[in-house]
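Heads up, the thing below is written out as structure tokens.
Nothing in this text is a laboratory measurement; each read-out follows from the coordinates by a stated rule. Keep in mind that this is a model prediction, so the values were computed, not measured. Virtual Cβ from ideal backbone geometry, glycine too; neighbours counted across all protein chains shown.
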Amino acid sequence: MPSSSYDGTRPPRRERSPPAQRDTDHTYASHPHRAQRDDWMLSPGDGGRDVMDRRPEPQPRVSSRELNPYLVGSAPSAPAPAAKGAPGYKWRMMKLDRTYDMAKQRGVPVDEVAVERYGSMDAFHEACAERQFLHPQHHEPTEKAASRPSSSGFQRPGTVQQPPPRALPASTSSPLPRVTPSMDVSQLNQLEAQVLRAELLQKPEAASLREKWEAARQGTSEDRVEIVPVMDGHGRLYDLGSSSSDQDTSLAELVRQERYGAGRADERDADAMLAQQIAGDRAFVNDTDYMDDEAKRFARKRMRDDAMKRQFAMEDFARTKRALDQCPFCWQNDGRTPPQATIVSSGSCVYLALPDREPLADGHCWIVPMHHHVSSLDVDEDGWTEIRNFMKCLLRMAISRNQSMVFFETVMSVRDQKHTYIEAVPIPNDVFAQVPAYFYSGLSEVESEWSDHKQVITFSEQRPFQHSMVSRLPYFMVQWDYKGQRGYGHVIEERYGDRHRTRRHRQYASDYEAPTYDDGDHVGGTGFPANFAHEILGTMLDLEPHRWRRPKRVAGSSQRVEAFRVAWEPFDWTRAL
């Protein structure tokens, strides 16, 4: 390997020759020995210009199914004027009326305002022609005589001239025959009784009553439509009967009757019905021959046909409807008409009202449920919560006056379906100590000792009022606490004056068995007066007999209502609602 010597000195720098000057004026074509480039590579750039500028403007295309008439070439460029009487004519007529009003207010000719509002006189004349087309007898107002006030552009009632009524044809000029509503059997019997009474007394209206009865009797022979309900006021099914026999009843119908407690009472519990018939027979002999001989009397008396069953259901439905329409405690006309009672405080389900007759004491009031309930036991839990709230507040108000409060409820008849309410009467403390003894003695003697139920039912903590009484039977209850644990109850078997019931009602009551609550249709008889509690409290308070026998009807005077509200306001729990 040859040796190399390095003396440590840097060799001299080599000078570079300047690059050859490229001739830019010559193209590559001047050098035939070089490769040729394509034209697209040699073409100059666009320089940022828009290529679309050189393209022609595309013409818009309109579809053959275009719905806009202004996009179609054959359509007019402006909308056609509306036809006379076309939709919107009322607004055009108001615009025309406003034009005349503005001209009168400014004191200028109508033409100036018309050009200002319509843009041209042609449009104004078209509006006037439309007015003449709509109202041929209408004349446009002038400056001298204007029939409309100029303060408003709208027409007042009575300013528009109505066209004269068209005369009816001669064929319809005869009066229509008068149609009288048909009567049922009971109404027809009452009318016949009035006719006979008038004829016996030789009254002058006897002939007119006879004609009215004849017309009503002929009307009852025609067919009429009656509403036949399937349930009574307690949600129980009626035994309406059917065209088919009882042997053809399907299983589904039997299940439906069993679920809703419908059907005949003897079919539901034949043994209980037989025992009831035997218990009512004093001369009963436990002998087969005797039972065979009296089989017809022991058997339940059924209705003769389905028509009588439906008639009873229709009468009961009419009784329910009449009770609702005439109820002074219910809201009428779908809640638009308030109750007739004088309401002083109201909750969500119950309200507090003052009696419409002369009260027994200062502070006598009613606790009334808003819904139509025959008994307070039918009120739901929310309603009973509000009832207890009213009772507690009334007790506090009575305690502040050194008094106590007595609450009582009287349900004289389930059949009448009257709106129930609980009465609250304040009693002085010195008299209140005798209240339990007075009511116990009165309930023990009010009816016969041979009644079917216990004379006095005592409320306790284990069996309060709601667990001791039932809503299917008429009853009376009195309590002096808000829980219903201190008080007495009594089942009303006969109410005073019910022995004079009509034979027709007794027949229906015996033919029709009210489902499961046979005493629910039982309206009582001799004994229990409607003013039982009023008589006892009136005697204890040393009131005159007319105060509790026949109290005077008093209107809701503002002084009485205001006095009660002032005393009730500090204890009113409804203010927190």
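Odds and ends about this structure:
- Debye, to nearest 20: dipole size of the stretch 89-130, +1 on Lys, Arg Cβ, -1 on Asp, Glu Cβ: 240 debye
- Extension gain, R550 to Y290: 0.36 nm times the residue separation minus the Cα-Cα distance gives 88.4 nm.
- Whole-Hz ³J(HN,Hα) from phi, Karplus 6.51 cos²θ - 1.76 cosθ + 1.60, for the stretch 108-116, glycine and proline x: 10, x, 5, 4, 5, 5, 5, 5, 5
- The stretch 419-484 shape via C-alpha gyration tensor axes, a/c threshold 1.5: oblate
- Under a 5 Å amide H cut-off, with hydrogens placed 1.01 Å from N, I492 pairs with Y475, F476 among residues at least 5 apart or on other chains.
- R401-E112 pseudo-label distance in nm [points 7 Å out on the Cα-to-Cβ vector]: 7.8 nm
- For the stretch 89-130: rounded, prolate or oblate by the Cα gyration tensor [a/c cutoff 1.5]: oblate
- A full extension of the chain between K483 and L324 corresponds to an added length of 54.3 nm, given 0.36 nm per residue minus the alpha carbon distance.
- Where labels lie 7 Å past Cα in the beta-carbon direction, separation of Q340 and H453 in nm: 2.9 nm
- Net charge of Cβ neighbours under 12 Å - reference L354; Lys, Arg +1; Asp, Glu -1: -2
- Rounded if a/c under 1.5, otherwise prolate or oblate - the stretch 347-482, Cα gyration tensor axes: oblate
- Measuring r between the beta carbons of A530 and L201 and using R0 = 51 Å, the FRET efficiency lands at 0.95.
- Here the Karplus relation 6.51 cos²θ - 1.76 cosθ + 1.60, evaluated at θ = phi - 60°, turns the backbone of the stretch 94-105 into coupling constants of 5, 5, 5, 5, 5, 5, 5, 5, 5, 5, 6, 5 Hz, with x for every Gly and Pro.
- 5 angstrom amide H check on R357, placed H, neighbours 5+ away: V554
- Segment D430-A193, length gained on full extension (0.36 nm per residue, minus Cα span): 79.8 nm
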